[in-house]
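As structure tokens, the structure follows; a few thoughts come after it.
The values are calculated or read from the model by the stated rules, or taken from the named source; none is laboratory data. This one's a predicted model, so the numbers in the text were calculated from it and none came from an experiment. Every residue, glycine as well, gets a Cβ built from its backbone with ideal geometry; the counts of neighbours run over all protein chains shown. Ligands, DNA and RNA are excluded from the accessible area calculation, which covers all protein heavy atoms including side chains. Shrake-Rupley method; radii C 1.70, N 1.55, O 1.52, S 1.80 Å.
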Amino acid sequence: YRLLIPYLCVLLLYNNPLKYLLGIPGYENPKTFIFEQLSGTNCAHLWFLPCLFLLMLIGYPLFCWAGKALCKHLLLLTLFLGVNYFSNRLPEYYQLREAGYYLLFFHLGYLVNWSRQIYAERLSVIKSWKIIIPLLTVIISIGYIINLATSIGYEIYLSVVIILLFYALMP
């Protein structure tokens with residue numbers, strides 16, 4: 001709920017009145033744009049707050065269910081990959097489309113943080129990947145440029161590589 005309070009405050013006390021007073025198209029009728037923003041179809045630049053709220057609602061029970069079982073997390077990753085792929089078919093209400101797209105990356109971030117806390121000494125191996133990860137990124141990028149890699153596969157791969165690279169470089 002901590003995400004929704006700033007969302008509603010900024011929308012109702014700052015964003016809507018300002019756009020209404022400036023006469024921005026689409027904000028002529030206060031009832032219409034308030035309904036659009038409360039239904040999640042017009043969140044302006046605050047789309048990430050209801051999206052994160054929805055990701056937390058979806059992720060928390062699933063992550064509790066998976067616990068420390070690697071096979072359950074792999075099952076969730078597979079499921080989230082499918083949701084990510086078909087996210088453009090989800091409805092736009094309440095940021096469902098965005099939540100479907102970012103659910104995979106939300107879970108990957110959870111797994112990296114979880115494994116970093118539990119296996120801190122084993123993850124020191126990642127530090128030696130400082131050369132391997134950028135090299136693999138260059139190789140996959142060349143494959144993508146000459147159409148050997150799919151765009152969704154490359155996007156997911158590159159996201160994982162960048163997350164690993166940040167964790168490898170962070171103190």
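Could you say which residue among Tyr94, Tyr110, Tyr85 is surrounded by 14 or more Cβ atoms within 10 Å (Cβ to Cβ), under 23 Å from Leu38 (Cβ atoms) and at pLDDT 75 or above?
Details: Tyr110 fails: under 23 Å from Leu38 (Cβ atoms); Tyr85 fails: under 23 Å from Leu38 (Cβ atoms).
So the residue among Tyr94, Tyr110, Tyr85 that is surrounded by 14 or more Cβ atoms within 10 Å (Cβ to Cβ), under 23 Å from Leu38 (Cβ atoms) and at pLDDT 75 or above is Tyr94.
Collect the residues in the range 36-67 that are β-branched (Val, Ile, Thr) and either assigned to a helix (DSSP H, G or I) or farther than 12 Å from Glu98 by Cα (or both), keeping them in residue-number order. Outline the logic, then answer.
Let us first name the residues in the range 36-67 that are β-branched (Val, Ile, Thr), namely 41, 58.
Selection gives Ile58 alone.
Checking Leu52 against (1) closer than 21 Å to Cys9 by Cβ; (2) in contact with a helix residue (DSSP H, G or I) (Cβ under 8 Å, 6 or more places away or on another chain); (3) in contact (Cβ under 8 Å) with a residue 40 or more places away in the chain, only one condition comes out false. Which one?
Going through the list (1) closer than 21 Å to Cys9 by Cβ; (2) in contact with a helix residue (DSSP H, G or I) (Cβ under 8 Å, 6 or more places away or on another chain); (3) in contact (Cβ under 8 Å) with a residue 40 or more places away in the chain, Leu52 breaks only (2).
When residues of the range 18-29 are filtered for being open to solvent by 50 Å² or more (accessible area, probe 1.4 Å) and in a helix (DSSP H, G or I), how many remain?
Residues of the range 18-29 open to solvent by 50 Å² or more (accessible area, probe 1.4 Å): 18, 20-25, 28-29.
Subset that is in a helix (DSSP H, G or I): 18, 20-22.
Within the range 18-29, residues that are open to solvent by 50 Å² or more (accessible area, probe 1.4 Å) and in a helix (DSSP H, G or I) number 4.
For the range 68-81, check the following and say yes or no: at least one residue is among the small types (Gly, Ala, Ser) and out of contact with any helix residue (DSSP H, G or I) (no Cβ under 6 Å at 6 or more places or on another chain).
Pass one, the range 68-81, residues among the small types (Gly, Ala, Ser): 69.
Subset that is out of contact with any helix residue (DSSP H, G or I) (no Cβ under 6 Å at 6 or more places or on another chain): 69.
Yes; the residues of the range 68-81 include at least one that is among the small types (Gly, Ala, Ser) and out of contact with any helix residue (DSSP H, G or I) (no Cβ under 6 Å at 6 or more places or on another chain).
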